[in-house]
Amino acid sequence: MSATLCRTRFSRHILRVVQTRRCYSTPATVSLLGQQYPKDKVSNVTSAIADKVGRNLYMNPSHPLGILQTLISSHYHDFNSMTGLSPIVTPAKNFDDLGFPADHPGRAATDSYYINRDLMLRTHTSAHEVEVFARRERQWLLSADVYRRDEIDASHYPVFHQMEGARVFPMDASGRAELEADNARLSHHLARANIVIEDVPHITPANPAQAAHDPVLAELVARNLKLSLNSLMLTLFAGRAGADAAEPLRVRWIEAYFPFTTPSYEVEVFFRGKWLEILGCGVVQQLTLDRAQVPNSISWAFGLGLERIAMILFSIPDIRLFWSQDPRFLSQFTAGQISTFKPYSKYPACYKDVSFWLPDTGLHDNDFCDLVRDLAGDLVQDVVLIDSFTHPKTNRSSKCYRVNYCSMDRSLSNEEANTIHEQVISTLKDKFGVEIR
Ligand code: FA5
Ligand code: MG
């Protein structure tokens, strides 16, 4: 769309916004789990996010996320399954303890939610690795809500759920024997299953073993990790609705990089015609076990995303639905059962554009998305950057976003969408000093 069109469409709104300008008040504290935390310059936890903290969807046994969490926990029935750890962590715990470099993009305030300089909302369940290993758990699972600033569309939501799993082996002959026995058991199980695995070598120069590890033991641990997760993929996907029973389950292993594991991998599953990224995993960096003061041990770990898997297994088309309190959504699911979601209706979308000149300090896409999310809540379905340009003479930059307002539960009137959009525009001006075009 042309910038001119944006301008004419918005001149009308701007007039009304001037009349109804609200003050974007910024309280000095943010309330999380019943406690007040002082804010400072880096605070960026919006009230839309704060409201989600403590909802613990994955703990409801008849919610799709809870059903999936239970299914995975029962697959790993002899692992200690932990829940309820606070999402409020220090950046040291989320990043430094895991060896994230100081300039890692995940640390940026554009990507993570900071309560203040000293505290943040965890971005992944790996934030708890050191603390759980320190309890000397030999095999464990941890389920939790995680928070990331991101774009807005049907498969991205700033809060989602992960499960972390790990298994520790003694770094000696007994560990080697345990690994050999378990690898034989799992290989036997998988050999009889209808599964095709595209593998990569366990260890390569680009995906190396650790200096602290005997290469033979590292190879056995990597193989155990792969066998264990291939077996989980069978439990999750084989024979499900939409999977052709005659067709084998296809699982693909890809070399990956994480600061806290090496070798590292990602796992994808081919389901209903598409490759789906399920998880990241690898052999735990020895530094993590050293920090946890677990001596003479070697471990693997994985972290998987519950929403991505649940959307596929239950045919849930929009990630916002997980947060719905509508009985038409919630009543469709039963504890212990994977069922196919039947959409109750599709309400019309209401597209509104906003076009503006950026302030000198710029404006990150995620800042815009959070602002919309804060004012519109789950009435925003997606946000698309439809135009961005820099004026050749003045060097000023402009952006045009298209916001799709659409309720999952009811018909949204054009007036209501306009009211929200006007608030978006006035907040954009007040908070970021943009100039509307
Ligand atoms: C991690 O978060 C690592 N902590 C995983 C890990 C754990 C690696 C232990 C090694 C050892 P990643 O950012 O790729 O990695 O996320 C892991 C999974 O979470 C993804 O495969 C995906 O299933 C899910 N996920 C990631 N981002 C999103 C998102 N925005 N929305 C929904 N699910 C997501
Ligand atoms: Mg990934």
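Bear in mind that the values in this text are calculations on the coordinates, not laboratory data. For clarity, every value in this text was computed on a predicted model and none was experimentally measured. Note that each Cβ is placed from the backbone with ideal geometry, even for glycine, and that neighbours are counted across all protein chains shown.
State, in angstrom, two size descriptors of the chain derived from its alpha carbons: Rg to one decimal place and Dmax to the nearest whole number.
23.9, 77
If you stretched the chain out fully between VAL42 and TRP275, how much longer would it get, using 0.36 nm times the residue separation minus the C-alpha to C-alpha distance?
Answer, rounded to one decimal: 80.1 nm.
In nm, what is the difference between 0.36 nm times the number of residues separating VAL216 and GLN139 and their Cα-Cα distance? Working shown, then result.
Details: separation 77, 0.36 × 77 = 27.72 nm, distance 2.13 nm.
Result for the pair: 25.6 nm of gain on full extension.
Tell me, what ³J(HN,Hα) does each residue in the stretch 90-104 have, in order and in whole Hz, if you take phi through Karplus 6.51 cos²θ - 1.76 cosθ + 1.60 with θ = phi - 60° and put x for Gly and Pro?
My calculation for the stretch 90-104 gives 7, x, 4, 5, 6, 10, 4, 4, 9, x, 5, x, 4, 9, 5 Hz in order.
Would you kindly calculate the translational diffusion coefficient of the stretch 60-198, applying Stokes-Einstein with the Kirkwood radius from alpha carbon pairs, for 10 °C and a viscosity of 1.306 mPa s, and quote it in µm² s⁻¹ without decimals? All intermediate terms of the calculation are to be shown ahead of the outcome.
Values: Rh = 17.5 Å.
Estimated diffusion coefficient is 91 µm²/s.
What FRET efficiency comes out for LEU287 versus ASP103 if R0 is 30 angstrom and r is the Cβ-Cβ distance? Round to the nearest 0.05. If you can, show how the numbers build up before the last one.
Numbers: r = 19 Å, r/R0 = 0.62.
Taking R0 as 30 Å, the efficiency between LEU287 and ASP103 is 0.95.
When the chain is fully extended, how far beyond the present Cα-Cα distance does THR90 get from ASP360, taking 0.36 nm per residue of separation?
Values: separation 270, 0.36 × 270 = 97.20 nm, distance 3.11 nm.
Additional length available on full extension: 94.1 nm.
To one decimal place, what orientation-averaged projected area in nm² is obtained for the convex hull of the Cα set of the stretch 290-437?
Details: hull surface 59.1 nm².
It is 14.8 nm².
Go through the stretch 197-213 residue by residue and turn each phi into a ³J(HN,Hα) via Karplus (6.51, -1.76, 1.60, θ = phi - 60°); whole Hz please, and just put x for glycine and proline.
Working through the residues one at a time gives 10, 8, 9, 10, x, 4, 9, 9, x, 7, 9, x, 6, 8, 4, 6, 10 Hz.
Quick one: compute the contact order of the stretch 273-364, relative version, from alpha carbon pairs under 8 angstrom and 6+ residues apart, as a percent. Spell out each step's value before the answer.
Values: 53 pairs, mean separation 19.1, N = 92.
Across the stretch 273-364, relative contact order equals 21 percent.
Could you tell me how many degrees, from 0 to 90 and to the nearest 10, lie between the Cα long axis of helix 414-432 and the main elongation axis, the longest principal axis, of the Cα atoms of the chain?
That helix lies at roughly 80 degrees to the long axis.
Between GLN285 and residues 5 or more places away or on another chain, which pairs have amide H atoms under 5 Å apart, with H built 1.01 Å from N, and which residues are they?
THR261, THR262
Rounded to whole Å and ordered largest first, report the semi-axes of the equivalent ellipsoid of the stretch 375-437 derived from its Cα gyration tensor (root of 5λ). Display every interim value, and only then the final one.
Working: eigenvalues 147, 36, 14 Å².
Output for the stretch 375-437: semi-axes of 27, 13, 9 Å.
Kindly identify the stretch 95-162 as rounded, prolate or oblate by the Cα gyration tensor criterion: order the square roots of the eigenvalues as a ≥ b ≥ c, call it rounded if a/c is under 1.5, otherwise compare a/b with b/c, prolate if a/b is larger, else oblate. Please list the in-between numbers first.
On the way: a/c = 2.32, a/b = 1.38, b/c = 1.68.
It comes out oblate by the Cα gyration axes.
Students often forget the sequence filter, so: which lysines lie under 27 Å Cα-Cα from LYS41 once same-chain residues fewer than 8 apart are removed?
LYS52, LYS93, LYS399, LYS429, LYS431
Can you compute the radius of gyration and Dmax for the stretch 293-350, using only the Cα atoms, both in Å?
When restricted to Cα atoms, the stretch 293-350 yields Rg and Dmax of 17.6, 60 Å.
Rounded to the nearest 500, what is the 222 nm mean residue ellipticity of the chain from helices alone, with -39500 (n - 2.57) per DSSP H run of 4+ residues and division by all residues? Numbers along the way, then the final one.
On the way: 12 runs with 135 residues, N = 437.
That comes out to -9500 deg cm²/dmol.
Around LYS39, which amide H atoms from residues at least 5 apart in sequence, or from another chain, sit under 5 Å from its own amide H, with H modelled in the peptide plane?
HN-HN under 5 Å from LYS39: THR29, VAL30.
Which whole-Hz ³J(HN,Hα) couplings does the stretch 289-294 yield from phi under the Karplus relation 6.51 cos²θ - 1.76 cosθ + 1.60, θ = phi - 60°, glycine and proline marked x?
Once rounded to whole Hz, the list reads 5, 5, 4, 7, 6, 9.
Give, as ranges by residue number, the residues of the stretch 341-366 whose backbone N falls under 16 Å from the point 7 Å along Cα→Cβ of ASN395.
The answer is 358-362, whose backbone nitrogens lie closer than 16 Å to the label point.
Give the angle, between 0 and 90 degrees and rounded to the nearest 10, that separates the Cα long axis of helix 64-75 from the longest principal axis of the Cα atoms of the chain.
For 64-75 against the chain, the angle is about 10 degrees.
Please list, in chain and number order, the residues 5+ apart from ARG250 or on another chain whose amide H is under 5 Å from its amide H, with Hs placed from the backbone.
It is VAL196, PHE270, by chain and number.
Where a ≥ b ≥ c are the square roots of the eigenvalues of the C-alpha gyration tensor, would you call the stretch 146-214 rounded, which needs a/c under 1.5, or, failing that, prolate if a/b is larger than b/c, or oblate?
On the way: a/c = 2.13, a/b = 1.64, b/c = 1.30.
Here the stretch 146-214 falls in the prolate category.
Helix 365-376 sits at what angle to the longest principal axis of the chain, using alpha carbons and giving 0 to 90 degrees rounded to 10?
Between the helix axis and the principal axis of the chain, the angle is about 70 degrees.
Would you list, by chain and number, the lysines whose Cα falls below 22 Å from the Cα of LYS226, excluding same-chain residues fewer than 8 positions away?
Straight-distance partners of LYS226: LYS274.
If R0 is 56 Å, what FRET efficiency do you get for GLU416 and GLU198 from their C-beta distance, rounded to 0.05?
Details: r = 49 Å, r/R0 = 0.87.
FRET efficiency, GLU416 to GLU198: 0.70.
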